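Note sheet for the following structure.
Please treat every number below as a calculation from the coordinates, not as lab data. Owing to the predicted nature of the structure, the values given are computational and were not obtained by experimental measurement. A quick note on method: Cβ atoms are made from the backbone with ideal geometry, for glycine too, and the neighbour counts reach across all protein chains shown.
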Amino acid sequence: MERGTGKHIVRLSGVAKAFERKPVLTGVDLDIARGETLVVIGRSGCGKSVLLKHITGLIAPDAGEIFFEEEDITRFSRKKLFQMRMHFGMLFQGGALFDSLTVGENVALPLRRHTTLGEDEICRRVCGRLELVGLTDVYNRYPAEMSGGMKKRVGLARAVVMDPAIVLYDEPTTGLDPIMADVINGLIRDLQRELKITSVVVTHDMKSAYRVADRIAMLYEGKIVHSGTPEEVRETANPVLRQFVEGSAQGPITPV
Amino acid sequence: MAPFTLLGRFLLELVQEIGGLGILIWRTTQLLPRTFANARAVFQQMDRIGIGSIPLVCVTSLFVGAVTAIQAAYQFHGYVPYKFIGTVVGKSVTLELGPVLTALVVGGRVSASIAAEIGTMKVTEQVDALEMIAIDPVEYLVLPRVVAATIMLPALTIFSDFLAIFGAAVVANISIGVSFHTFETGLKLLFRQQDLVGGLMKTFAFGYIIALMGCYHGFETRGGAEGVGVATMKAVVASCLLILISNYLLASLIFRIIFAPSS
């Protein structure tokens with residue numbers, strides 16, 4: 001699969017998904033432009049992570065289409081999905097490091113499985129990526145010996161080690177102290193600038209959203225209800241978005 | 001709730017379960033040619049599943065052999081000469097006790113550990129992470145475990161057969177007063193190679209079942225710590241039940257058809 005040149009790297013059209021008859025997504029239309037950082041905001045449990053997993057083919061939609069480089073991934077075979085995922089990097093909420101492997105082995109795993117690079121070159125690249133996320137001397141440590149913030153940074157190094165075209169971040173700042181959250185936000189920006197990647201971030205942390213976003217989209221009741229630049233979001237008249245951004249208990253969104 | 005609703009739900013779940021298991025079996029079978037590419041992982045699992053189970057198999061087999069000798073002597077008393085203790089021990093150990101009890105104790109240990117490991121990986125999104133770095137979790141996690149268990153169970157059973165017979169011989173000698181020579185004569189009296197081979201043939205299936213149940217229930221884990229507990233329990237229950245059921249079916253196949261007694 002070649003890297004395309006079209007304006008949109010990913011497009012979702014009418015994506016719907018229900019779990020045990022409970023609708024989570026009810027018709028999501030979303031275009032992700034090449035090179036942009038899109039932040040999807042929404043309440044906890046509104047289906048943001050489910051949306052991310054649809055983009056990567058980890059979950060198949062009940063209805064609708066998902067395009068990657070203008071190809072409908074819902075029709076892909078498993079083999080083709082795996083090929084597509086070589087262009088993806090993903091940072092999971094808890095880092096999702098393999099706890100039977102050391103940090104170095106975790107980051108090196110994609111290179112070992114999918115390239116024919118020698119050990120020296122793999123080691124060089126892994127150390128390079130670890131440095132990029134601000135970690136040194138952790139190569140031989142196990143994930144269990146590390147803090148949440150460090151795990152996320154290792155997860156990030158692993159996500160970008162194969163030079164992906166697009167990186168997805170699932171709640172990158174959740175569970176981190178404000179300083180570490182800012183470090184991660186900075187990394188998301190730096191990676192986008194240095195590696196020229198498209199980024200999709202899902203979060204409910206508005207501070208993080210303003211810091212990293214080129215564009216913010218809000219997911220509410222299974223649909224994208226608003227999409228615009230951070231400035232537009234700040235000035236918005238949309239009552240749902242306004243309530244979420246201001247973090248108010250009063251408004252159309254009922255706290256459950 | 002109406003009985004039909006309950007029945008419907010039960011059937012739906014059953015179909016789902018069989019379907020899921022069928023898909024896993026199919027995908028694992030398709031990946032068998034990749035075994036050599038994953039040789040390192042296979043050896044690692046052979047070590048964990050096989051070598052790691054040796055202490056458990058040792059204790060189980062020695063005591064099973066010992067109790068078989070005691071029970072044989074108790075039932076023979078006054079009717080059958082004790083020189084036949086070796087005969088009955090040899091037959092029962094190689095045909096049933098060795099294969100089935102090894103499978104049950106190893107099954108408990110191994111399917112629980114596989115289900116807990118994969119279940120934890122599932123709930124901490126490590127399985128999704130594998131998918132995202134374009135590594136097939138079936139190839140990376142299931143294939144090495146299934147191959148290793150299928151190879152190691154027969155090996156453990158051979159070991160178990162010997163130890164159980166040894167345990168029986170020692171007990172027959174010490175507490176029943178049957179000399180090693182008499183025990184050996186009895187053992188050889190009606191021994192047929194096909195008993196040993198037939199018993200071992202079953203264990204390939206047992207090993208496969210143990211690893212498959214661990215993997216399947218691991219992948220089916222939902223929720224958090226509680227989900228991992230449920231998955232582990234289901235894996236152990238399913239592997240034990242399937243071992244006992246398949247034991248009957250395989251025994252019918254092997255000893256009534258393949259090695260059918262000539263009339």
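As a ratio to 2.2 N^0.38 Å, the alpha-carbon radius of gyration for the range A:1-155 is 1.19. For the range A:150-219 and the range B:81-129, what is the separation of their Cα centres, given in Å? If we compute the Cα centre of each part, the gap is 46 Å.
Find the Rg to Rh ratio for chain B, where Rh is the Kirkwood radius over alpha-carbon pairs and Rg uses the same atoms. Dividing the radius of gyration by the Kirkwood radius yields 1.07.
What the phi angles of the range B:83-88 give under the Karplus curve with 6.51, -1.76 and 1.60, with θ = phi - 60°, is a coupling list of 5, 8, 4, x, 5, 5 Hz, glycine and proline written as x.
The alpha carbons of the protein assembly as shown give a radius of gyration and a Dmax of 29.2, 100 Å, in that order.
One quarter of the convex hull surface, Cα atoms only: what value does that give for the range A:155-256 in nm²?
7.3 nm²
Pairs of lysine residues in the range B:82-208 that meet both criteria, 8 or more places apart or on different chains and Cα atoms under 19 Å apart, total 4.
How big is the charge dipole of chain B about its Cα centre, in debye rounded to the nearest 20, if each Lys and Arg gets +1 on its Cβ and each Asp and Glu gets -1 on its Cβ?
620 debye
Across the range A:104-177, the relative contact order, built from alpha-carbon pairs under 8 Å that are at least six residues apart, equals 39 percent. When B:117, A:221 are sorted by how many other C-beta atoms sit within 10 angstrom of their C-beta, beginning with the fewest, the order is A:221, B:117.
Take the cross-link list A:22/A:207; A:80/A:152; A:151/A:207 and give me the ones stretching past 25 Å between alpha-carbons.
Pairs exceeding the cut-off: A:22/A:207; A:80/A:152.
Find the centroid of the Cα atoms in the range A:31-55 and in the range B:204-254, then give the distance between the two in whole Å. The range A:31-55 and the range B:204-254 have Cα centres spaced 38 Å from each other. Counted over chain A, the DSSP beta bridges are approximately 55% antiparallel.
Along the positive direction of the dipole of the range B:55-257 (beta-carbon charges: Lys, Arg +1; Asp, Glu -1; about the Cα centre), which of B:181, B:62, B:164 reaches farthest? Positive-end residue among those listed: B:181.
Full extension from residue B:174 to residue B:233: what is 0.36 nm times the residue separation minus their Cα-Cα distance, to one decimal in nm?
17.2 nm
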